[in-house]
Each structure stands twice: as structure tokens, then as C-alpha cells.
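Worksheet for the structure shown next.
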Amino acid sequence: MSTLKIAVILGSTRPGRNGKAVADWIIDRAGARTAAEYELVDLTDWPLPFMDEPIPPSMGQYQGEHTRAWAAKVAEFDGYVFVTPEYNHSIPGVLKNAIDFAYAEWNNKAAAFVSYGSLGGIRAVEHLRAIASEVQLAHIRQQLAFSLLTDFENFSLFKPAEHHDATATKLFDGVEAWSTAMKTLRD
């Protein structure tokens with residue numbers, strides 16, 4: 001079986017965002033993994049307009065070049081690690097919009113979640129789990145939740161506690177195992 005490809009999707013585009021440091025930390029930890037190749041997919045590099053497709057994505061009849069390019073990028077991967085802040089008890093609109101632009105490209109793949117916020121972003125992940133289910137992403141139970149109070153200095157400089165390393169290993173193990181299983185389903 002070929003090496004798995006897993007995207008680390010950075011789901012915030014806000015200026016001064018904390019998510020880039022979190023995503024870089026995930027990519028750094030993933031660099032030691034041998035069962036999968038991890039790639040950062042930063043939504044700032046994918047300036048999708050607010051959903052502008054006339055036909056529902058589930059029909060697979062993408063009209064816009066930006067949609068076709070984004071769908072092709074999503075299709076490259078066997079699994080995803082979503083990195084999201086918590087905005088108003090949910091995920092950022094830009095992340096929801098990016099998910100909504102594709103459909104079949106997400107189907108029968110695995111997902112894991114990394115969040116951050118005043119309560120670790122856990123409420124955002126609860127919403128993201130429901131969204132992932134609708135696009136047929138199998139999501140693993142293990143997640144990483146970083147607190148702005150304890151894992152960031154002055155709420156902005158990312159300094160995660162050491163115990164997150166063991167949780168990250170479990171998260172990687174899970175998303176790789178599920179990505180492998182889902183790949184056999186797609187094949």
C-alpha cells in the first residue's frame with residue numbers, strides 16, 4: 001500500500017491568528033511519523049469566496065475554477081487533521097465554507113481534530129464533528145485541545161504543555177489507522 005497523505009488544514013485566516021503556531025507544532029510532530037506524509041493546507045492560501053456554486057457540491061458538477069482547484073486539493077489526501085479555533089462556540093466561517101465547497105472528495109476518509117480557545121476549543125470540535133459526519137468523514141475520538149489560558153503565553157505565544165506530546169501521538173496513530181482502513185474501503 002502506498003504511503004498515506006494527510007492534510008493538516010489550518011481553519012483560521014484571521015490576522016494575528018494563533019492557529020499557525022498550532023498547525024506548525026502539529027506538522028513538526030508529524031515529521032517523525034513514517035506511516036504517512038503530512039502537508040499543511042492553510043486556508044489563507046485558498047481564498048474561496050462565500051459559497052457561490054449554483055449546484056449542490058454533492059452533485060459533483062463544480063462550475064468555478066476555484067472550486068475545481070480546491071476539490072482537487074482535498075481529493076489528494078487520505079485523511080485530515082483540522083486545526084480550528086473556537087469562535088462564538090463554533091468553528092470559523094472560513095473553515096465551514098471550505099468544507100462546504102466539496103463533497104465526494106471528503107467521503108470515506110478519516111479526520112482528527114486539534115482545537116484551541118479559552119476552553120480548548122472543544123465546543124468548536126463538537127460542531128465540526130457533526131459537519132464531518134455529513135460529508136462522510138470518519139472522525140476519531142482522540143483530539144487535542146489547547147487552552148489559551150495554559151498553553152499560550154499572554155494568550156498569543158504558543159507554549160503547549162508537555163503532556164500534549166503523548167496525546168498528539170495517539171491522535172496521529174488514530175488518524176493513520178482510520179485513514180488506512182478508509183483507503184481500503186475507497187479502493
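The values are calculated or read from the model by the stated rules, or taken from the named source; none is laboratory data. Bear in mind that the values here come from a model prediction, so they are computed numbers and not experimental data. All Cβ positions, glycine included, derive from the backbone under ideal geometry; neighbour counts span all protein chains shown.
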Conditions: (1) aliphatic (A, V, I, L, M); (2) at pLDDT below 95; (3) crowded, with 17+ Cβ neighbours inside 10 Å. VAL74 meets all but one. Number of the miss? (2)
Considering GLY19, GLY60, which residue is farther than 19 Å from PHE77 by Cα and among the small types (Gly, Ala, Ser)? GLY19
Yes/no for ALA98 being closer than 22 Å to ASP45 by Cβ and modelled with pLDDT of 95 or more: yes
Of the residues in the range 163-187, how many are part of a loop (DSSP other than H, G, I, E, B) and at pLDDT 95 or above? 0
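Against the definition (touching a residue at least 12 places away in the same chain (Cβ under 8 Å) and either charged (D, E, K, R) or under 27 Å from ALA104 (Cβ atoms) (or both)), how does LYS159 come out, yes or no?
Spelling it out, it is not the case that LYS159 is touching a residue at least 12 places away in the same chain (Cβ under 8 Å) and either charged (D, E, K, R) or under 27 Å from ALA104 (Cβ atoms) (or both).
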Counting only residues that are under 20 Å from ALA7 (Cα atoms) and touching a residue at least 40 places away in the same chain (Cβ under 8 Å), which one in the range 43-61 is farthest from the chain's Cα centre (by Cα)? LEU48
Of everything in the range 67-125, what is more than 17 Å from SER12 (Cβ to Cβ) and of a type in the set (Asp, Glu)? Give them in sequence order. GLU76, ASP78, GLU105
Of everything in the range 1-16, what is more than 24 Å from LYS183 (Cα to Cα) and out of contact with any Ser or Thr (no Cβ under 9 Å at 6 or more places or on another chain)? Give them in sequence order. ARG14, PRO15
Restricting attention to the range 72-101, the residues that are more than 14 Å from the chain's Cα centre (by Cα), part of a loop (DSSP other than H, G, I, E, B) and of a type in the set (A, V, I, L, M, F, W, C) number exactly 1
Applying the selection to the range 117-154, what residues are over 24 Å from ASP78 (Cα atoms) and in contact (Cβ under 8 Å) with a residue 40 or more places away in the chain? PHE146, LEU148, PHE152
Which condition does ARG29 not pass, out of (1) assigned to a helix (DSSP H, G or I); (2) without any contact (Cβ under 8 Å) to a residue 40 or more places away in the chain, if it passes all the others? (2)
If I ask for residues that are part of a strand (DSSP E or B), more than 27 Å from GLU105 (Cβ to Cβ) and of a type in the set (D, E, K, R), which ones from the range 135-155 would you list? GLU153
